Amino acid sequence: MHCLSGTWGVSHTRVPTESRPGHVALIAGFYEDVSAVAKGWKENPVEFDSVFNESRHTWCWGSPDILPMFAKGATGDHVYTYTYPAEEEDFASTDASRLDSWVFAQVKSFFQSAKSNSSLRASLHEDKNVFFLHLLGIDTNGHAHRPMSQEYLENIGLVDNGLSEMVSLVEDFFGYDGKTAYVFTSDHGMTNWGSHGAGHPSETLTPLVVWGAGVNSAQTVTEPQPYEDGYLQDWKLEHLRRVDVSQADIAPLMASLIGVPIPVNSVGVLPLPYLNNSDLFKAESMYTNAIQVLEQFKMKMAQKKETTLSFLFTPYQLLTESKQAEFIHKARILIQLGKYEDISLCQSLISHSLEGLVYYHTYDRFFLGCSVVLGFVGWTSYVALVILKTHASLNRRPSILKLCMCVTAVITLFLFIQRSPATYYIYCLLPVPVWYSVLKDISLIYSITCKPSTDKYWAHNNLYTVYKVMNSMNLLTLMTRNLCCPQVVSFFYRTMLTVGLAVLSLWPFLSGVFGIAKYRSLSWFFSCLFLALFPLMPVVGRDDICFLSACAGLLTLFTSVCYLWSSQRQTPLLILCQNQQMLHVAMCAYVPSLTHSSLQQKQGLPLFNQIISWATLASSMLVPLVSSTRIFHRLLSILLSLTATYLLLSTGSEALFPPVLSWLMFVWINIEQEAMLAQGLSGRQELSSIDFSANIDIAKIRQLKLDDIRRSYFFVFFIITAFFGTGNIASINSFDPASVYCFLTVFNPFIMGGLMMWKVLYDCSLFIYMYVGNIISHYVIVMSMTIFLMLLSVVTHILTSQRLIMWKRPKSHFS
């Protein structure tokens, strides 16, 4: 690894640990905004400067997904890219290491041709040149076969030998002139199960080895180094000094090594321990780095100042214009006096500039936060009024349209004067229609409660209803305040879902429901406990897909039989359609095992399996729409259609999650019906006779009860469980292509990401569909959404207060 003739360390990346943002950080020096995902991470939302652009010439070999973005963003035509066809990036390939072999072969051919091409040879002997080798084979083999597999280890050996050949080839071509520097690193890491994208240390920590011209030799140390990640011991490098950097710091390091300006968009800090140069050079380099970052700060400040009314603008106090001049003057004086060791002043200036960038990026946080809070409060008030109107028969509508139109005009004018972006209009104008709906009914309530009415009987009944509903809403608010905390914690610690499900399993015994529905109460108890196991399992990984898919298919079919048994008035055509869906689920339970078996034997993705998978996905949203509207018929059709696709996207234990969740929802529907019948809140009506297409006035059936608040919390808790129960939210970020192998194996981040997003939304969609089948008042749903929005606002506050954000860079100014 050339550690003895160079310096080594660990590069700390940021989430998302994907290829494109990792390469942007390495070569351009900034952490790209996640908006790049909207273009499949193949196009640049905003063109940016890079080390490649600042170089005299850059030659690149590797992936067509990475190299073109740096060529498109460069000024001129001095960045040359050589890529293999995109179809070669196939996870079902017999040997993904051929991608790296292709790169090495192309580099050898390139230098060989330069010997007989005088113009190319002359360009190669110029200074400020960059040669970039993008080696994708190890990543592809890691996804397909997992790290530490035979294929993965053999690919590492191939790269090791290939790099040794490349170094010898370059040194031989340039006559061992000692003017070439080498930087060896990675854009991201990988988990043991072959995924990356999230923030696990195995994904965010990557090796960095730098050697050659202008690089310090390894420094021997005798004292223990302050690192506890185990890499010193694993790599047997305890005796050599380790120098860690942020990933963006590598861009100014490369710029300094070849003598070009640091990319103007870079937020990296030059790692001086890697440089073997004079103190004057290091001091001047740090001064240049500080000025470069300061210019970004000044541009961001100017942009914010231009879009903020003068009397509302508050500058960043630690770096006002006078303090900027003071920093620059002191740094310049120290360099002129030869006090090169006092470069900490430049580092302080860089630190303040980066903090100032964050300050101006989050400058409007309080303003936008107020708009969001107004929207949440307005929604909560609207929910209370919806319930009130439903049960008090209030129909008069005082008009306040002109007032709301004036408010809208004022907000729009204010944002227009400040030249605010389009998203600000959404944030600020969205609360207006919500509050319009609230205020037009609040005046009606005021007229009922505070003004005399000629119809005293109507006024008395409605006044009593108003107070009754408002007391329930006050109780809801009090309970929300006390019960939100555990649910918020579950957003960060999934084990809280296990605790919650264990508590919910006791509900029938504590509430007395067990006495009227023993078998269903026992079924609820065991279903909750079974579902509670999933949050304890790893968020991503691969298990015995053959066995688990078969179990999930059988459990789904068992649930389907129970649905059919609960249904009545089944026509032969309906039975035939549902039997066909059940057979389809059984086939989809078998397809993943057949696909993975074919891939393990390196026979590629069978075309028949691919056709079945895409046809299943296309039909999953359409088939339920043509099924019977009877409650159990429709719910069964939804369950079978969505589960078929989910099985095709499963790689482990999560395949069992949907049938367990759907069984619990099936039990919930029945047990709530029994509870309401026992309390005399609803007339006896067979569940199987309920029709989705029926227009039911719930206010004529029953009134708001305390149990509806409990049902609202159940609703919210199950939504959170559906999202986080198997950790599939993390699966979007932790990119594991094994989930989509039944659909495609050639790398396509946009399609693969869309399929994974569908997989996440499936559980929540299934739960909501199941819940809609319950004959609970519609105000339970709106109260539930109120609680959910409160939870979301708390989580948003926690996340935004941590300052772990990606700030957008200013537009490029190419030197």
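The values are calculated or read from the model by the stated rules, or taken from the named source; none is laboratory data. These figures come from a predicted structure and were not determined experimentally. No Cβ is skipped: glycine too gets one built from the backbone with ideal geometry, and neighbour counts run over all protein chains shown. Surface areas here come from the heavy atoms of the whole protein model, side chains and all, with no ligands, DNA or RNA. Shrake-Rupley method; radii C 1.70, N 1.55, O 1.52, S 1.80 Å.
I want to check the label-to-label distance for GLN112 and LEU169. Put each point 7 Å from Cα in the C-beta direction and report it in nm to one decimal.
0.9 nm
Can you work out the FRET efficiency for the pair ILE333 and GLN219, with r the C-beta to C-beta distance and R0 = 30 Å, to the nearest 0.05?
Details: r = 31 Å, r/R0 = 1.03.
The calculated FRET efficiency here is 0.45.
How many nm is it between the label spots at GLU154 and PHE492, if each spot is 7 Å from the Cα in line with the beta carbon?
It works out to 4.6 nm between the two label points.
Quick one: how many Å² of MET254 are accessible to a 1.4 Å probe, rounded to 10?
Taking all protein chains as shown, MET254 has close to 40 Å².
Enumerate lysine pairs in segment 3-277 that are 8 or more residues apart or on different chains, then count those whose Cα atoms are under 21 Å apart. Show your work: numbers first, answer last.
Details: LYS39/LYS72; LYS42/LYS72; LYS72/LYS128; LYS108/LYS128; LYS108/LYS179; LYS115/LYS128; LYS115/LYS179; LYS128/LYS179.
The number of close lysine pairs in segment 3-277 is 8.
Could you work out how much longer the chain between LEU761 and ARG56 gets when fully extended? Use 0.36 nm per residue separation minus the Cα distance between them, nm to one decimal. Intermediate values should be presented prior to the final figure.
On the way: separation 705, 0.36 × 705 = 253.80 nm, distance 4.82 nm.
Fully extending the segment from LEU761 to ARG56 adds 249.0 nm.
Please report, for the Cα atoms of segment 146-280, the Rg to one decimal and the Dmax as a whole number; what are they, in angstrom?
Every Cα atom of segment 146-280 included, Rg and Dmax give 16.8, 49 Å.
Stretched out fully, how many nm does the piece from ASP279 to SER593 gain, at 0.36 nm a residue minus the Cα gap? Don't skip to the end; give the middle numbers.
On the way: separation 314, 0.36 × 314 = 113.04 nm, distance 6.23 nm.
This chain segment gains 106.8 nm when fully extended.
Quick one: length gained pulling ASP691 to GLU341 fully straight, 0.36 nm per residue minus the C-alpha distance? Please list the in-between numbers first.
Working: separation 350, 0.36 × 350 = 126.00 nm, distance 8.02 nm.
Taking ASP691 through GLU341 to full extension adds about 118.0 nm, to one decimal.
Apply the Karplus parameterisation 6.51 cos²θ - 1.76 cosθ + 1.60, with θ equal to phi minus 60°, to every residue of segment 598-615 and state each ³J(HN,Hα) to the nearest whole Hz, in sequence, with x for glycine and proline.
5, 5, 5, 7, 6, 9, x, 7, x, 4, 4, 4, 5, 5, 4, 5, 5, 5
Amide H neighbours of SER420 under 5 Å, at least 5 residues apart or on other chains, H built in the peptide plane: list them.
none
Using a 1.4 Å probe on the protein heavy atoms only, what accessible surface does ARG520 show? Give it in Å² to the nearest 10.
Estimated to the nearest 10 Å², ARG520 gives 90 Å².
Students sometimes get this wrong: rank GLU54, GLU47 by accessible area, probe 1.4 Å, all chains present, largest first. Numbers along the way, then the final one.
Numbers: GLU54 25, GLU47 80 Å².
Ranking GLU54, GLU47 by accessible area, largest first, yields GLU47, GLU54.
Could you please put GLU355, GLU321, GLU89 in sequence from largest to smallest accessible area, using a 1.4 Å probe? Spell out each step's value before the answer.
On the way: GLU355 75, GLU321 125, GLU89 5 Å².
So the residues, ranked largest to smallest area, are GLU321, GLU355, GLU89.
For segment 214-243, which trypsin sites (Lys or Arg not before Pro) pass both filters: DSSP loop (anything but H, G, I, E, B) and at most 13 other C-beta atoms within 10 Å?
Values: sites: LYS236, ARG241, ARG242; in loops: LYS236, ARG241.
The qualifying sites are LYS236.
Could you give the distance between the Cα centres of segment 207-240 and segment 295-358, to the whole Å?
That distance is 34 Å.
Let me make sure I get this right: for segment 3-277, a, b and c are the square roots of the gyration tensor eigenvalues over alpha carbons, sorted descending. Under 1.5 in a/c it's rounded, otherwise prolate if a/b > b/c, else oblate. Which is it?
rounded
Can you sort HIS125, HIS145 by 1.4 Å-probe accessible area, starting with the largest?
On the way: HIS125 105, HIS145 45 Å².
Heavy-atom accessible area, descending, gives HIS125, HIS145.
Would you please classify the overall shape of segment 38-130 from the alpha carbon gyration tensor, given that a ≥ b ≥ c denote the square roots of the eigenvalues, rounded means a/c under 1.5, and beyond that prolate means a/b larger than b/c while oblate covers the rest? Kindly include the intermediate steps, with their values, before the conclusion.
Values: a/c = 3.15, a/b = 1.14, b/c = 2.76.
Since a/c reaches 1.5 but b/c is at least a/b, the shape of segment 38-130 is classed as oblate.
Would you calculate the separation in nanometres between label points at THR94 and THR412, each defined as 7 Å from the Cα along the Cα-to-beta-carbon direction?
About 6.5 nm separates the two model spin labels.
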